[in-house]
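The structure under discussion appears below in the form of structure tokens.
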Amino acid sequence: MLIDLHPQPADMTRLVIEGMGRSPKQLPAWLLYDAEGSRLFEAICEQPEYGLTRTETALLEARAPELAAALGPGVVVEFGAGNARKVSPLISALRPAAYVALDISADHLAPACQALQRRHPDLPVLGICCDYSLLEQLPGHPALEGHGRLGFYPGSSIGNFDPAGAQALLRQFHRLLGTGSRLLIGIDQPKAKERLEAAYNDAAGWSEAFARNLLTRLNRDLGGDFQSADFGYRAWWDAERGRIAMALVSQRELEVQLAGRYWPFAAGEPLITEYSYKYAPEAFLALAATAGWQGAAQWSDPAGDFALHLLVQADSEQHRSDP
Ligand SMILES: C[S@@+](CC[C@H](N)C(=O)[O-])C[C@H]1O[C@@H](n2cnc3c(N)ncnc32)[C@H](O)[C@@H]1O
């Protein structure tokens with residue numbers, strides 16, 4: 001079953017006007033994910049330079065029984081499910097009461113839920129197309145009633161938000177999941193600049209195509225007149241802020257029409273398409289604590305490139321001991 005709560009055109013227009021008015025210009029990362037954006041993201045995940053997906057998937061597969069034991073029973077709620085493949089080993093080990101996939105990319109969500117349902121035929125599956133950062137509550141559904149909620153947020157997607165936004169998002173998840181819930185979250189670690197920059201600048205050009213697709217989407221859905229050739233693509237590690245920044249950079253002074261307004265670009269001016277903040281475990285746990293979550297357990301790959309953190313609510317009495 002699929003519920004459509006995708007932001008309305010007026011809300012998208014408002015967000016785009018707000019983002020284009022920032023300095024530097026920056027649009028919400030979720031706008032990257034239309035049907036084509038989701039397809040391009042899948043291709044990025046397979047590039048040799050982008051190890052994140054392979055590392056996290058291997059960790060989930062290797063540690064599924066431990067993760068399931070630490071999570072305990074309940075309904076799994078995945079934020080930004082994408083193709084919903086990473087959750088499969090967890091579902092097999094956990095046998096949750098139901099699975100809820102939240103994702104903004106409507107055309108991608110339906111086939112992802114169908115494929116997951118084929119892999120787990122007895123599992124109640126619910127897809128919700130929405131912006132999870134703004135969802136007021138999970139829609140009522142009989143399969144969700146009477147069970148605790150286990151949040152799953154893989155892919156280090158929290159890195160798309162700046163630290164204040166990440167704190168607000170963790171509070172939002174706290175609210176959506178409810179008292180006594182748990183959250184399993186995947187976090188990419190800071191690593192050598194060369195490795196990080198290569199991961200977001202793959203030689204085959206998928207990362208660039210993914211960023212450029214944003215312009216196609218803005219032209220189609222928000223009345224834009226971007227010319228892709230007017231922009232170059234850049235991804236760079238900002239060590240001071242602990243983030244990769246990805247941007248389309250204007251090649252000359254120009255003006256673009258978008259969302260019913262004209263927007264000037266200076267030569268060399270960036271339009272930030274997304275950030276990817278990286279957190280060492282201590283730094284991430286300190287951030288989580290500011291949003292009412294406490295680290296209960298942590299799993300890493302042997303190279304220490306990526307960590308899965310199990311968070312419990314700091315005010316909950318249902319903490320489990322570390323596995
Ligand atoms: C980086 S991809 C990760 C996909 C998958 N979870 C993984 O780990 O491979 C981010 C996913 O979250 C979705 N997404 C991004 N921002 C979102 C938002 N604000 N609300 C709902 N879904 C969002 C995208 O459509 C995409 O499927």
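Annotations
- Helical contribution to [θ] at 222 nm, DSSP H n ≥ 4, -39,500 (n - 2.57), averaged over the chain, rounded to 500: -10500 deg cm²/dmol
- Sequence of 175, 63 once ranked by neighbouring C-beta atoms within 10 Å, starting from the fewest: 175, 63
- Helix 106-119 and the longest principal axis of the Cα set of the chain meet at an angle near 30°.
- Relative contact order for the stretch 169-323: 29 percent, from Cα pairs under 8 Å spaced at least 6 residues apart, divided by residue count.
- Residue exposure sequence - 130, 45 - by fewest surrounding Cβ within 10 Å: 45, 130
- Derived scalar couplings ³J(HN,Hα) [the stretch 26-43; Karplus, 6.51 cos²θ - 1.76 cosθ + 1.60; whole Hz; x for Gly, Pro]: 8, 9, x, 4, 5, 5, 5, 9, 8, 4, 5, x, 5, 5, 5, 4, 4, 5
- Taking every Cα-Cα distance in the chain and sorting them into 20 Å bins starting at zero, the pair-distance distribution P(r) comes out as 32, 58, 9 percent.
- Qualifying GluC sites (Glu not before Pro) for the stretch 22-105 [loop in DSSP, other Cβ within 10 Å: at most 13]: 46
- Shown in residue order for the stretch 261-266 are the 3J(HN,Hα) couplings computed by the Karplus curve 6.51 cos²θ - 1.76 cosθ + 1.60 at θ = phi - 60°: 9, 9, 10, x, 10, 6 Hz (x for Gly and Pro).
- Averaging the sequence gap over all C-alpha pairs within less than 8 Å and six or more residues apart, then dividing by the number of residues, gives the chain a relative contact order of 21 percent.
- C-alpha center-to-center spacing [the stretch 275-301, the stretch 161-228] in angstrom: 17
- Karplus 3J(HN,Hα) series, Hz, for the stretch 96-102 with 6.51 cos²θ - 1.76 cosθ + 1.60 (x for Gly, Pro): x, 5, 6, 10, 10, 9, 9
- Distant-in-sequence amide H partners of residue 273 (H built 1.01 Å from N, under 5 Å): 246, 247, 248
- Rg over Rh [alpha-carbon atoms, Kirkwood Rh] for the stretch 148-277: 1.05
- For residue 265, distant residues with modelled amide H under 5 Å away: 254, 255, 256
- Relative packing of peptides 272-281, 100-109, 13-22 - highest average C-beta neighbours within 10 Å first: 100-109, 272-281, 13-22
Every read-out reported here was derived from the displayed coordinates using simple, explicitly stated rules and does not represent laboratory data. Here the structure is a predicted model, which means the values were calculated and not measured. As a convention, Cβ positions derive from the backbone with ideal geometry for all residues, glycine included, and neighbour counts pool all protein chains shown.
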